[in-house]
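First the structure, in the form of structure tokens, and then the observations on it.
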Amino acid sequence: YYQPKLCLATGRLNAAEALVRWDHPTMGRVPPAEFIGLAEETGLIGPVGEWVLTQACIQAQQWHDDGHGTLTMAVNISGRQIHLADLCETVRLALTSSGLRPDCLELELTESQLMKDAEGIIVLLKRLKAMGVRLSVDDFGTGYSSLAYLKRFPIDCLKVDQAFVRDIIADANDVSITRAISTLAHNLKLKVVAEGVETEGQLGLLSANHCDE
């Protein structure tokens, strides 16, 4: 499944984020919160993650072939995925098999994943960046990121967690946090994406506080 990402300046859909769901024969549709953890524990997150990445790249290339050549595809990367296999090789194979340009793929990692082994992650991110892939910090503001490390990560985007977006109309603190993240990101030459936007009011406040998407 694919969640649209809209540019606030133009209102145009310019990217999508891949969301995995499991259609179980007896349990119905199982959300990732219920099976990703188990996949990580059993080691199945490797093949599951590879499949999701490949399918997302294939879909993005199909959209490009259909005339939507500017769309970028974002894919979440599990923390365990990073250490189970050579992520760079997995990404290379997905891009090669789909024909998707590297700059049309954006990999999302949470800030808690980034900080578990910051020095090692920096090396990995630099390798991915050298391939031309875009990099994003997901759920920003909910973990324990160090600003000293943030400036060293070769990233392109910060995503404002939906926990701050959900009550942004009623909670002035959420507005202040969102504005602070936007200011920080733009000063670091990063793009800002707000997730979980569901109302016109939220959209208006986020636009007023300089979110990009």
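Within region 146-186, take every residue that is small (Gly, Ala, Ser) and in contact with a strand residue (DSSP E or B) (Cβ under 7 Å, 6 or more places away or on another chain) and give me the one that is farthest from LEU124 (Cα to Cα).
Start the filter on region 146-186 by keeping residues that are small (Gly, Ala, Ser), which leaves 146, 148, 163, 170, 172, 176, 180, 182, 185.
Among the residues that remain, those that are also in contact with a strand residue (DSSP E or B) (Cβ under 7 Å, 6 or more places away or on another chain) are: 182, 185.
Details: SER182: 26, ALA185: 21 Å.
Checking each candidate, the answer is SER182.
Please give the helices (runs of 4 or more DSSP H) falling wholly within region 1-101 in which 1 or more residues are open to solvent by less than 80 Å² (accessible area, probe 1.4 Å), among the polar types (S, T, N, Q) and in contact with an Asp or Glu (Cβ under 6 Å, 6 or more places away or on another chain).
By residue number, 87-98.
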Practice task
Please identify the pairs in which a residue from region 198-210 that is in contact (Cβ under 8 Å) with a residue 40 or more places away in the chain and assigned to a helix (DSSP H, G or I) has its Cβ atom under 8 Å from the Cβ atom of a residue that is surrounded by 12 or more Cβ atoms within 10 Å (Cβ to Cβ) and among the polar types (S, T, N, Q), counting only partners at least 6 apart or on another chain.
Solution key: LEU206/THR178
Practice task
State which residue is nearest to ALA16 (Cα to Cα) when the search covers only region 26-42 and only residues that are touching a Lys or Arg at 6+ places or on another chain (Cβ under 8 Å) and in contact (Cβ under 8 Å) with a residue 12 or more places away in the chain.
Solution key: PRO32
Problem - Residue list for region 121-153, filter: closer than 19 Å to CYS88 by Cα and open to solvent by 30 Å² or more (accessible area, probe 1.4 Å) - result: VAL123, LYS126, ARG127, LYS129, ALA130, MET131, GLY132, ARG134
Completion exercise
Expected output for region 56-83 (first residue touching a residue at least 24 places away in the same chain (Cβ under 8 Å) and closer than 17 Å to LEU128 by Cα, partner aromatic (Phe, Trp, Tyr) and buried (at least 17 other Cβ atoms within 10 Å of the Cβ), Cβ below 7 Å, 6+ apart or cross-chain) is none
Exercise for the section: Considering only residues that are assigned to a loop (DSSP other than H, G, I, E, B) and of a type in the set (A, V, I, L, M, F, W, C), look in region 137-175 and name the one that is farthest from LEU105 (Cα to Cα). Expected result: ALA170
Problem - Any hit, region 124-136, residues being touching a Cys at 6+ places or on another chain (Cβ under 6 Å), part of a helix (DSSP H, G or I) and among the charged types (D, E, K, R) - result: yes
Practice task
Please give the number of the condition LYS189 fails out of (1) assigned to a loop (DSSP other than H, G, I, E, B); (2) exposed (fewer than 14 other Cβ atoms within 10 Å of the Cβ); (3) in contact (Cβ under 8 Å) with a residue 24 or more places away in the chain; (4) of a type outside the set (Phe, Trp, Tyr).
Solution key: (3)
Practice task
Could you list, in sequence order, all residues of region 30-77 that are within 21 Å of CYS88 (Cβ to Cβ) and hydroxyl-bearing (Ser, Thr, Tyr)?
Solution key: THR54, THR72
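The values are calculated or read from the model by the stated rules, or taken from the named source; none is laboratory data. Since the structure is predicted, the reported quantities are computational estimates derived from the model, not experimental observations. Don't worry about glycine lacking a Cβ; one is built from the backbone with ideal geometry, like all the others, and counts go over all protein chains shown. Accessible surface is based on the protein model in full, side chains and every heavy atom, while ligands, DNA and RNA are left aside. Shrake-Rupley method; radii C 1.70, N 1.55, O 1.52, S 1.80 Å.
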